[in-house]
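One structure is given here, and the rest of the page talks about it.
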Amino acid sequence: MAQINANKISSKLMEKLKRFLKDNLVVGIIFFGPVFGTVYVLIIIFRFLDGILSGIYDQILGVHIPGLGFISLVFLILITGVFARTYLANFAIQIFENVILRIPVAKSIYSTLKNITEVMQSSNGRLGKPTAIKLSNGYIPGIELSTDRDYSVFLLPSTPNPTTGFILIIPRKHVLQLDNVSMDDFMKFMVSVGIYSKPLVQSLRNLESSEEKREDKLS
């Protein structure tokens, strides 16, 4: 009898221990997961950028100094930015374009990259703005890359990796502007697979409310 009671107590203790470990491990992962993930990605980016120029310093100095290549790359980009504002830089770019645009494959690559940078510099330096396509029974969120009088170029990102997706050309009348929704809010919505959706949902509610008031006035 005593042996049976001891087994029951041991079993209950094991169940409590398993529940304790399970609950706290999940909470710990939720708490530290984003932190470790962010640090890990930043380390990868840092090592990649640092490795671009660190090989040159390693050969000259004979020793690897972490961060020296990264600092040099940032300094080089800053100097390039200052030089790019001068008349001499514009003249040099024109000569380069005249040469590169005569080479078939290089022409396509250069034109594509130049168009991408021009789009990124438009709309106050932002890559488009968060919008939504209205359906009969819902909405499709996306990014309006560019627009003219009649049509909009619409990016429909995938989730949780918003760097891929589909490009749509649709009539402007079907595109809704999401007020008070920043690009940061939109990217959080995509990366979180819709979990972070409050700003977008609230903006759509405001649009529906405004539409209902407008219809009431007309009626």
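Some notes on this structure:
- Residue that is farthest from P199 (Cα to Cα) [pool: residues in the stretch 147-174 that are in contact (Cβ under 8 Å) with a residue 24 or more places away in the chain, part of a strand (DSSP E or B) and within 18 Å of the chain's Cα centre (by Cα)]: L155
- Residues satisfying the stated conditions in the stretch 37-70, i.e. within 30 Å of V191 (Cβ to Cβ) and of a type in the set (A, V, I, L, M, F, W, C): V39, V41, L42, I43, I44, I45, F46, F48, L49, I52, F70
- Checked against the criterion of being closer than 21 Å to L204 by Cβ, at pLDDT 80 or above and either touching a strand residue (DSSP E or B) at 6+ places or on another chain (Cβ under 8 Å) or not charged (D, E, K, R) (or both), the stretch 120-130 has at least one qualifying residue.
- Residues of the stretch 176-196 satisfying the condition of being hydroxyl-bearing (S, T, Y) and farther than 19 Å from G165 by Cα: S182, Y196
- Those helices (runs of 4 or more DSSP H) of the stretch 1-115 in which 2 or more residues are free of Cβ contacts under 8 Å to residues at least 40 places away in the same chain and of a type in the set (K, R) occupy 2-61.
Table: residues versus (1) within 26 Å of the chain's Cα centre (by Cα); (2) exposed (fewer than 12 other Cβ atoms within 10 Å of the Cβ); (3) farther than 27 Å from K114 by Cβ; (4) at pLDDT 85 or above.
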{"site": "L13", "(1), (2), (3), (4)": "no, yes, yes, no"}
{"site": "L17", "(1), (2), (3), (4)": "no, yes, yes, no"}
{"site": "L21", "(1), (2), (3), (4)": "no, yes, yes, no"}
{"site": "P34", "(1), (2), (3), (4)": "yes, yes, yes, no"}
{"site": "I52", "(1), (2), (3), (4)": "yes, no, no, no"}
{"site": "H64", "(1), (2), (3), (4)": "no, no, yes, no"}
{"site": "I71", "(1), (2), (3), (4)": "yes, no, yes, yes"}
{"site": "T80", "(1), (2), (3), (4)": "yes, yes, no, no"}
{"site": "Q94", "(1), (2), (3), (4)": "no, yes, no, no"}
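- Checklist (1) surrounded by 10 or more Cβ atoms within 10 Å (Cβ to Cβ); (2) at pLDDT 80 or above; (3) among the β-branched types (V, I, T) applied to I60, failing item: (1)
- In the stretch 82-92, the qualifying residues are those that are among the aliphatic types (A, V, I, L, M) and exposed (fewer than 11 other Cβ atoms within 10 Å of the Cβ), and the one that is farthest from the chain's Cα centre (by Cα) is L88.
- Of everything listed in (1) at pLDDT below 85; (2) of a type in the set (S, T, N, Q); (3) surrounded by 13 or more Cβ atoms within 10 Å (Cβ to Cβ), the single unmet condition for S152 is (1).
- Across the stretch 191-214, the number of residues qualifying as of a type in the set (G, A, S), farther than 21 Å from G37 by Cβ and surrounded by 15 or more Cβ atoms within 10 Å (Cβ to Cβ) comes to 1.
- The residues of the stretch 175-190 that are part of a helix (DSSP H, G or I), touching a residue at least 24 places away in the same chain (Cβ under 8 Å) and exposed (fewer than 15 other Cβ atoms within 10 Å of the Cβ) amount to a single one, M183.
The values are calculated or read from the model by the stated rules, or taken from the named source; none is laboratory data. For clarity, every value in this text was computed on a predicted model and none was experimentally measured. Backbone-built Cβ (ideal geometry, glycine too); neighbour counts: all protein chains shown.
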